[in-house]
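Q: Before anything else, here's the structure in question.
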Amino acid sequence: MDIAHLIQTVAIYALPVLFAITVHEAAHGYAARHFGDNTAYMMGRVTLNPLKHIDPMGTILMPLLLYFATSGALLFGYAKPVPVRFGHLRNPKRDMIWVALAGPGANLIQALLWGVLLVVLKGMGVTEYFFLKMCVGGVLTNVVMFAFNLFPLPPLDGGRILVGLLPYRMAETVSRIEPWGIYVVMALVLTGTVNSIWMDPVMALTKSLLGLILTPLALLFN
């Protein structure tokens, strides 16, 4: 493993990843508070302080171990989940959809903002490799988080959205998966199933959407 390359990669991705995780989790907490559940707010989780959202195992140790073990081919990690008591929401079944959507929505907005910054820097003639790669890393990190968290299996956000959309009986059946859902997701990640059936198409669609939105801005600098 090239240590210099690892240090460079960590330096480029550190800020985008911290922002992606922090804003994602804070958005869940803010949405929950908006719809009637103050649990995350009372625990200090509606904050942009990354230390409140970092899980030592899932955010730091696991990604590093996978990076070394697979020579950078596979990265997987998670943040400390924001506590939400769905029963405290004013309309639990409906509001849980918005609470779940808040996190991926925050990532989509961040991907767009990093994209805007990239277009502006290039338009101004900035050629500094580090800053341009950080912008690209910001877009990629947030697109990955957006797509992955929308995978329709509890406890991921997509699974909670699915539970909120399904009729009560079907929703109850799907929600029972949650205690084992993360292990199922990890198995699907390790076998490449998530990438082939979900991540690749959703990420491609998301990048196309971002490209479409950014095209007018890029034309202004041409």
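The values are calculated or read from the model by the stated rules, or taken from the named source; none is laboratory data. Everything quoted here is computed from the prediction, not taken from an experiment. Here the Cβ is made from the backbone with ideal geometry for all residues, glycine too, and neighbour counts use every protein chain on show. The protein model used for the area step is the full one, side chains on, heavy atoms only, and it has no ligands, DNA or RNA in it. Shrake-Rupley method; radii C 1.70, N 1.55, O 1.52, S 1.80 Å.
Q: For segment 11-50, what Kirkwood radius comes out of the mean inverse Cα-Cα distance, in Å?
A: 10.5
Q: For every other residue with a beta carbon closer than 10 angstrom to the beta carbon of residue 37, add +1 if it is Lys or Arg and -1 if Asp or Glu, then tell me the sum.
A: Its environment carries a net charge of +2.
Q: Keeping all protein chains in position, work out how much accessible area residue 33 exposes to a 1.4 Å probe, and write it in Å² to the nearest 10.
A: 100
Q: Show me the three semi-axes of the equivalent ellipsoid for the chain, from the C-alpha gyration tensor (sqrt of 5 times each eigenvalue), largest first, rounded to whole Å.
A: 30, 21, 18
Q: Rolling a 1.4 angstrom probe over the protein heavy atoms, how many square angstrom per residue are accessible across the chain?
A: 56
Q: Nearest 500 deg cm²/dmol is fine: what mean residue ellipticity at 222 nm does the chain get from its DSSP H runs of n ≥ 4 alone, each adding -39,500 (n - 2.57), divided by its residue count?
A: Value at 222 nm, helices only: -22000 deg cm²/dmol.
Q: Right, next: Can you give me the P(r) profile for segment 100-178? Cα pairs, bins 5 angstrom wide beginning at 0, each as a whole percent.
A: Computed distribution, short to long bins: 3, 16, 19, 14, 12, 10, 8, 7, 5, 3, 2, 0.
Q: Consider a paramagnetic label point 7 Å from the Cα of residue 94 along Cα→Cβ; state which residues of segment 1-39 have an amide N under 20 Å from it.
A: So the set is 30-38.
Q: To continue, here is another question. Rounded to a whole number, what % of the accessible area of the chain do carbon and sulfur atoms account for, probe 1.4 Å? Kindly include the intermediate steps, with their values, before the conclusion.
A: Numbers: 8780 of 12370 Å².
The C+S portion of the solvent-accessible surface of the chain is 71 percent.
Q: Quick check: residue separation of residue 168 and residue 4 times 0.36 nm, minus the Cα distance between them. What number comes out in nm?
A: Taking residue 168 through residue 4 to full extension adds about 53.7 nm, to one decimal.
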